[in-house]
Each structure stands twice: as C-alpha cells, then as structure tokens.
C-alpha cells in the first residue's frame with residue numbers, strides 16, 4: 001500500500017527511515033529494502049542527515065521504488081536554492097517518487113563540512129508552498145510547467161518543547177504548513193505517551209494525520225545523549241532505568257519501542273520508525289507491536 | 001564601524017617574502033576600536049617585523065584610512081619613507097586597504113581580515129542588526145529581525161533545534177524566534193506568527209548594478225583622482 005492510500009484510508013500508517021551512507025556502497029540499502037518490503041507503507045530517505053555529506057536521497061528513493069517500496073523523498077533547504085529545489089522535485093516526479101517530506105535542514109556548521117555555505121533560500125513552509133505550486137502546474141515565479149507534479153507532501157513537527165515559545169511556535173508553524181499544503185506529519189521521537197496525548201489534544205481539529213516518531217533505544221548512553229543533545233527529545237527516567245537494568249539491552253530497546261507503538265496506536269494515525277542503524281530490526285519491532 | 005582582526009603573522013610574513021623594507025600604516029578609526037590596527041598594534045607590528053629582519057621605513061596611524069584625501073595629505077610629508085619601502089603593510093579593514101592602494105603607487109599588503117558582523121551597521125551598534133534585505137519584515141516579528149536574530153534566517157518561525165530557548169549552534173546565543181515570540185506576546189501581537197511569509201526576493205538584497213561599480217554617494221569623483229607619487 002502506498003503512503004497516500006494508507007493515510008487517506010485511515011489505516012494506522014507505518015513508515016520507517018533509510019539513511020544513505022557516505023559513499024557509493026548500496027548493499028545494505030538493498031538488503032534493508034528487501035526486509036521492509038510488505039511490512040511498511042513507506043520508507044523515508046534522509047537528505048544528508050546531520051549535515052554529513054552522503055549519497056543522495058533522490059537516487060536512493062529511486063532504488064527503493066525499484067525494490068517495491070514507496071519512498072518518501074526528504075528534501076532540506078540547507079543545500080539548494082529555489083531553482084535547484086524545484087528542479088530536483090521535477091526530477092523526483094519523473095523518477096516516480098510520489099511523497100516528499102519538506103524540512104529546513106540542520107546547520108552545515110554542525111556536520112562534517114562546517115566550511116559549507118548554508119543556503120536556506122526557502123524555509124520548510126515555503127518549500128511546502130512551492131510543492132503545492134508545482135502540483136498545480138506552476139513554478140514559484142508563476143511560470144507554467146509542461147507537465148505538473150503530483151506529490152503527497154508532508155512535514156515534521158516536534159511535539160515536546162522545553163519553553164512555551166518553542167511549543168507555540170511549533171504549533172503555529174504546523175498550522176502554516178497545513179495551510180500551504182502539508183498532508184501528513186512525522187514527529188520527533190516520542191517516549192512519553194502522556195505528553196504526546198496532550199500534544200494530540202492541542203492539534204485536534206487541524207485535520208492533518210500525524211505519524212509519531214519512534215527511535216528504539218540502544219543503550220542508556222544513547223538515551224542520555226539524546227536528552228542532552230537532541231532538541232525536543234525527552235526520554236523519561238523510568239525508561240532509562242529499564243534499559244540500565246536490562247541484561248539484553250537490544251531486546252529491551254526493541255520491546256520499549258514496540259510498547260510505545262501499541263500505546264500510541266489509539267492516539268495518532270501512524271508511526272514513523274527511525275531505527276538509526278537498526279533498520280534490519282524494524283520487522284522485529286513491528287512483530288512485537290502486533291503490526 | 002567595520003570590524004577587522006589581524007591576520008596570522010605567518011600570512012603577513014608570507015606576503016612580505018622577498019621584501020626588505022616596509023612602511024606600516026594603521027588606522028585610528030574602526031581598526032583601533034577593533035584592536036587590529038591602532039597605534040598600539042602598529043608599534044607592536046613594527047617590533048615584530050624588525051625581529052623578523054625587516055627594515056621599517058616608517059610606521060604611522062591615520063584617523064580614517066578609508067578617507068583617501070586624508071591618506072594622501074598625511075602621507076605627502078612622508079614621501080621619502082613611503083618611497084624607500086618595498087611595500088606598505090596596511091593594518092585595517094578591506095575598505096582602508098583598497099583606499100590606500102588607490103591612493104599610493106606602491107604595493108599594499110593587507111594585515112587584517114575584515115569580519116562579517118552579520119548586519120551590525122549602526123553608528124553606535126547595540127544588539128540590533130540589519131541585513132539590508134530591501135524587504136523589511138519587522139512588522140511581523142515584533143521589531144526583531146528574523147534574518148539576523150535566527151542563525152538560519154528563517155522567516156516563518158523557529159526550526160526544531162533550540163534547547164531551553166538557546167540556538168543549537170551556540171548555547172550562549174538566544175534562539176531568535178524565542179525572542180520574537182516573547183516580544184510579540186508582550187505587545188499582544190501573537191497572531192502575527194501565523195502569517196505565511198512567502199520566499200524573500202533576494203534580488204532586492206543585491207546592490208544595484210550601479211552600486212556594484214562604485215557607491216552612488218561616494219565622496220569623490222573617481223576619474224579625477226590623483227595618486228601620491
């Protein structure tokens with residue numbers, strides 16, 4: 001099933017994420033694609049995540065498509081101006097890519113080429129607006145296209161915030177994203193179901209399907225690292241305790257992820273599993289979650 | 001105010017390679033305020049270059065090296081010192097180096113790098129900065145510029161990267177959108193964060209083609225200039 005039909009049919013949608021490596025080796029991507037086939041509705045392909053130069057999202061999306069997976073083309077505004085963004089979107093459409101996730105993108109200074117010039121000609125909201133225009137057969141300068149795109153566009157939102165401003169700005173931006181064409185949302189990793197339920201109450205009525213982010217915990221260190229360094233991620237102490245006491249950390253991390261998915265199932269319209277190196281374990285997480 | 005900082009000594013010595021004598025020129029304007037080319041730094045540079053085997057034919061500071069008429073009039077009494085040097089080491093911003101190079105028939109080396117201030121162009125700079133974008137958005141953002149206050153120059157609201165109200169780039173730096181939010185809230189204008197800001201017209205941010213050749217309000221007629229011989 002494609003992401004669009006899963007989301008529009010009201011089925012509990014399952015997406016996951018594939019992160020291209022630095023270099024041209026695609027062995028693992030092809031292996032992962034085979035394992036995920038039939039288990040997920042779509043797989044996102046990250047766009048040089050963490051501003052680390054890697055194999056491109058569009059090419060990997062095309063590979064996934066050939067392997068029978070529905071890819072979500074992640075596009076950031078970090079590296080391309082409006083000409084390159086629009087042109088890449090046209091190219092992606094021609095390659096049969098149907099879903100796009102519009103992101104602003106991490107700062108280059110945080111990646112492995114900190115000398116790079118940051119672009120940010122558009123931001124994520126403006127990129128969504130641009131995608132809607134391309135879908136209507138116009139570029140953002142108002143010129144007519146010979147053949148339009150047909151993208152199912154999505155965006156991200158961080159449900160948890162440490163300040164009032166951050167939360168309110170996220171919600172206002174989410175509304176803006178919907179108003180210019182976002183049709184689904186994938187969230188930052190969720191670990192606190194009650195806090196997520198509160199967020200869902202706040203966005204009730206906005207009408208956009210929300211796929212809650214799941215990052216399986218691998219270790220106590222990873223949980224603490226994310227709490228300290230990853231904005232919008234809050235791993236509660238009881239989960240960290242559970243990981244600390246576990247003999248088999250990997251199995252416990254997968255169980256926690258599966259438990260979160262079961263708890264979130266009644267709250268939102270799907271989950272987005274970001275396995276970060278554990279892509280091959282995604283089917284096991286889904287099995288444990290009964291999906 | 002233009003901020004400059006001294007280049008590493010090895011760069012400066014590299015420029016001076018093969019030269020025996022140097023005339024040092026500092027600036028008592030912005031370069032003195034920046035601590036990169038005032039009287040103290042000129043004296044220090046004279047000593048350093050002498051220690052490195054260079055003969056210093058003269059070392060002075062002039063009030064504003066960007067003022068070409070002033071540069072010429074102050075250098076005229078020192079013509080012999082300038083002529084006796086293989087080159088001039090100019091300790092100031094990029095404007096000053098260019099103004100001296102345009103005023104004197106002598107190789108001019110820059111001793112400083114001019115630092116981008118990200119829009120701090122006021123006569124008496126505070127924290128407020130302006131990128132001169134040609135399309136002012138301050139009405140939507142409570143009088144705080146999102147282009148300069150946000151490290152990504154985002155105009156439609158914060159990215160997800162801030163932690164405790166601070167930018168992910170630097171924990172000492174406020175998230176610009178956090179500041180904008182607080183200001184709008186204080187003024188009862190929070191509805192403004194919901195306004196969609198279309199892509200900026202960056203063509204408006206470029207200097208006009210006329211200004212790219214010379215500033216329209218430059219204080220001299222370019223073709224009437226003479227150089228100090």
Please list the radius of gyration and Dmax for region B:4-115, considering alpha-carbon atoms only, with Å as the unit.
12.2, 33
Could you give the C-alpha radius of gyration of the protein assembly as shown expressed as a fraction of 2.2 N^0.38 Å, taking N as the number of residues it contains?
1.21
Using only Cα atoms, find the angle between the long axis of helix A:82-94 and the longest principal axis of chain A, and express it within 0 to 90 degrees, rounded to the nearest 10.
80
So what is the relative contact order of chain B, in percent, for Cα pairs below 8 Å that sit 6 or more residues apart?
18
Between residue B:78 and residue B:130, what's the calculated FRET efficiency when r is the beta-carbon distance and R0 is 41 Å? Round to 0.05.
0.60
In whole angstrom, note down how far apart the Cα centers of region A:257-291 and region A:62-112 are.
24
Give, as ranges by residue number, the residues of region A:272-291 whose backbone N falls under 20 Å from the point 7 Å along Cα→Cβ of residue A:12.
A:272-275, A:281-291
Among A:34, A:232, A:147, the residue with the largest mean-square fluctuation in a Gaussian network model of chain A built from Cα contacts under 10 Å is A:147
Report the gain in length on full extension from residue B:69 to residue B:20: 0.36 nm times residue separation, minus Cα-Cα distance, nm rounded to one decimal.
14.8 nm
Calculate the spin-label point distance for residue A:110 paired with residue B:116, positioning each point 7 Å from the Cα along the beta-carbon direction, and give it in nanometres.
1.9
Mean separation of Cα contacts under 8 Å (6+ apart) over length of chain A, as relative contact order %
18
So what's the angle, to the nearest 10 degrees on a 0 to 90 scale, between helix A:164-179 and the longest Cα principal axis of chain A?
50
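Can you tell me the FRET efficiency between residue A:5 and residue A:39 if r is taken as the Cβ-Cβ distance and R0 is 22 Å, rounded to the nearest 0.05?
Working: r = 16 Å, r/R0 = 0.73.
Efficiency for this residue pair is about 0.85.
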Connecting C-alpha atoms closer than 10 Å in a GNM of chain A, tell me which of A:196, A:73, A:225 has the biggest fluctuation.
A:225
In degrees, nearest 10, the alpha-carbon axis of helix A:57-66 is tilted away from the dominant principal axis of the alpha carbons of chain A by 80
Calculated FRET efficiency for the pair residue B:52/residue A:138, C-beta based, R₀ 60 Å, to 0.05
0.40
If I model a spin label as a point 7 Å beyond the Cα along the Cα-Cβ vector, how far apart are those points for residue B:138 and residue B:204 in nm?
1.4
Bin by bin, in steps of 5 Å, what percent of the Cα pairs in region A:145-291 do you find, going until the bin that has the longest distance?
2, 9, 18, 21, 19, 14, 9, 5, 2, 1, 0, 0, 0
By the Cα gyration tensor axes a ≥ b ≥ c (a/c under 1.5 gives rounded; else a/b larger than b/c gives prolate, otherwise oblate), the shape of region B:146-205 is oblate
Ranked by GNM mean-square fluctuation in chain A (Cα springs under 10 Å), the top entry among A:108, A:236, A:216 is A:236
Could you give the nm distance between label points at residue A:117 and residue B:40, where each point is 7 Å from its Cα heading toward the beta carbon?
3.7
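Each value in this text was obtained by applying a stated rule to the coordinates, not by laboratory testing. These figures come from a predicted structure and were not determined experimentally. Cβ: placed from backbone, ideal geometry, glycine included. Neighbour counts: every protein chain shown.
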